[in-house]
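The values are calculated or read from the model by the stated rules, or taken from the named source; none is laboratory data. Fair warning: this is a prediction, and the values are worked out from it, not measured in the lab. So basically every Cβ, Gly included, is an ideal-geometry build from the backbone, and we count neighbours across all protein chains shown.
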Amino acid sequence: MVCGSPSFAKFNIPEIPGKGYHRGNIDGIDVIVLPLPYSNRDSIAKRTMLFTRFAMRSVVLALKEPYDLLFATSTPLTAGVPGIVMKLLGRRKPFVFEVRDLWPELPKALGMRNPFLLGGMSVLEWLSYRCADAAIGLAPGIVEGIRGRSKPELPIALVPNGCDLDLFQPRHRGGFQIPGVKPGEFVAGFTGAHGIANGLDAVLDAASELKRRGRLDIKLVFVGDGKVKDALKQRATREELTNCLFLDPVNKRDVAKLTASLDCGLMILANVPAFYYGTSPNKFFDYISSGIPVLNNYPGWLADLIRTHGCGVAVEPANAGAMADSLCYLADHPEQCRKMGQQGRLLAESEFRRDRLASTWIDLLEQVYAKTSSTSTETTKRVG
């Protein structure tokens with residue numbers, strides 16, 4: 001597995017002299033870590049450069065390293081470049097492309113107007129789909145997006161993010177002391193990137209409404225980092241929103257303990273129609289695994305799941321009053337809150353178990369490998 005290194009990640013594997021990367025065994029996987037730290041705070045130019053460097057170095061590794069099947073997962077969209085290059089060079093190895101976000105649709109919806117970047121993304125997206133032997137989409141809208149630009153016969157599977165039912169568990173409740181929270185206070189938390197796409201000003205709008213109502217017993221906790229975190233903190237200070245607490249990123253195990261210690265998980269995104277059916281956020285699956293209700297502020301397939309399974313509350317976008325109403329309801333009805341959390345855990349266990357989703361993923365890769373190997377053998381026979 002070839003990956004980059006997030007700015008706050010730490011890998012305990014050795015650096016390979018003269019190679020410019022770290023390599024070692026993690027849980028039985030031969031992992032190559034390229035020293036290309038990435039942060040949501042990075043500018044578009046810096047991110048573009050990092051993604052391009054990652055793609056080029058991955059191409060070199062794909063040319064040198066033996067492999068049976070090349071699997072690439074985006075974002076970034078450049079993750080598909082090694083698969084494209086190998087196909088264009090005539091290397092008869094299967095290529096499976098997983099799409100985590102639709103590009104350039106999402107950047108365009110978020111306001112990107114650079115015609116060169118958007119055009120380049122569009123070409124790269126088209127090539128990735130056309131060169132792939134199969135594709136995986138993490139959300140229903142992503143699957144439809146792939147289908148609209150790929151060759152008609154391309155196999156496409158829906159495999160959303162899964163639930164780590166061992167790491168994220170209700171039994172961890174109370175295993176993480178949240179600074180600034182007093183006993184008996186209701187805590188709703190957001191865990192993840194603080195970027196433009198996350199639309200977290202909506203939570204501060206609700207915090208302002210809660211303050212106006214005198215409901216300072218409801219605390220809103222932001223855990224993570226990103227481009228807009230400083231601006232959010234400055235606004236909270238300026239408006240004296242003492243009900244908002246900001247924590248630094250923590251490691252995955254502490255995230256699991258913290259999530260289970262929340263009374264409610266906040267599933268927040270900017271009000272962009274492309275998000276409605278075109279995203280599969282990890283945090284949603286962490287919340288339901290932890291047995292806490294989810295408060296969602298945008299329509300789409302996750303809002304539909306929440307309503308159908310009764311595992312939280314879905315409110316309309318840009319409605320601070322509705323979000324504040326829901327937080328007050330959950331805080332004032334602990335038994336109902338508990339039942340929603342239980343329903344979420346049941347949904348995690350029945351629909352989004354990692355072992356179940358992994359079986360679907362493995363089946364697709366094995367089918368693609370078997371089909372491609374069979375085709376290559378037949379071609380070799382005909383040539384011979």
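Quick notes on this structure:
- Condition check for Cys328: over 16 Å from Phe168 (Cβ atoms) and over 19 Å from the mean Cα position of the chain (by Cα): yes
- Counting only helices (runs of 4 or more DSSP H) that sit wholly inside segment 190-288, those with at least 1 residues that are among the polar types (S, T, N, Q) and either under 20 Å from Leu165 (Cβ atoms) or at pLDDT below 95 (or both) are 252-261.
- Contact map, segment 313-334: first residue touching a residue at least 24 places away in the same chain (Cβ under 8 Å), second residue among the hydrophobic types (A, V, I, L, M, F, W, C) and in a helix (DSSP H, G or I), Cβ cut-off under 6 Å, separation 6 or more or different chains; pairs are Ala320/Ala206; Met323/Ala206; Ala324/Ala206; Ala324/Leu210; Leu330/Cys337.
- Pairs are defined by a Cβ separation below 9 Å, a sequence spacing of at least 6 or placement on different chains, a first member in segment 178-197 that is of a type in the set (Ser, Thr, Tyr), and a second member that is surrounded by 20 or more Cβ atoms within 10 Å (Cβ to Cβ) and part of a loop (DSSP other than H, G, I, E, B); the pairs so defined are Thr191/Gly224; Thr191/Leu262.
- Subset of segment 92-111 that is modelled with pLDDT under 85 and in a loop (DSSP other than H, G, I, E, B) - its residue that is surrounded by the fewest Cβ atoms within 10 Å (Cβ to Cβ): Gly111
- Residue in segment 41-52 that is more than 21 Å from Leu106 (Cβ to Cβ), surrounded by fewer than 13 Cβ atoms within 10 Å (Cβ to Cβ) and of a type outside the set (S, T, N, Q) present: no
- Strands (runs of 3 or more DSSP E) completely within segment 1-81 that count 1 or more residues being in the same structural domain as Val368 (by TED's automatic domain parsing): 70-74
- Residue tally, condition in contact (Cβ under 8 Å) with a residue 60 or more places away in the chain and in contact with a Lys or Arg (Cβ under 7 Å, 6 or more places away or on another chain), over segment 231-264: 3
- Filter result for Met86 (buried (at least 20 other Cβ atoms within 10 Å of the Cβ) and either in contact with a Leu (Cβ under 7 Å, 6 or more places away or on another chain) or part of a helix (DSSP H, G or I) (or both)): yes
- Among the residues listed as Asn114, Asn40, the single one being touching a helix residue (DSSP H, G or I) at 6+ places or on another chain (Cβ under 9 Å), over 27 Å from Asn12 (Cα atoms), at pLDDT below 90 and not acidic (Asp, Glu): Asn114
- Hey, Met340 touching a residue at least 24 places away in the same chain (Cβ under 8 Å), in a helix (DSSP H, G or I) and closer than 26 Å to Leu167 by Cβ or not: yes
- Candidates in segment 343-353 are the residues that are touching a residue at least 60 places away in the same chain (Cβ under 8 Å) and assigned to a helix (DSSP H, G or I); of these, the one that is farthest from Leu330 (Cα to Cα) is Glu349.
- Residues satisfying the stated conditions in segment 310-324, i.e. buried (at least 17 other Cβ atoms within 10 Å of the Cβ) and either acidic (Asp, Glu) or not in a loop (DSSP other than H, G, I, E, B) (or both): Gly312, Val313, Ala314, Ala320, Ala322, Met323, Ala324
- Residue in segment 354-374 that is modelled with pLDDT of 95 or more, part of a helix (DSSP H, G or I) and in contact with a His (Cβ under 7 Å, 6 or more places away or on another chain) present: no
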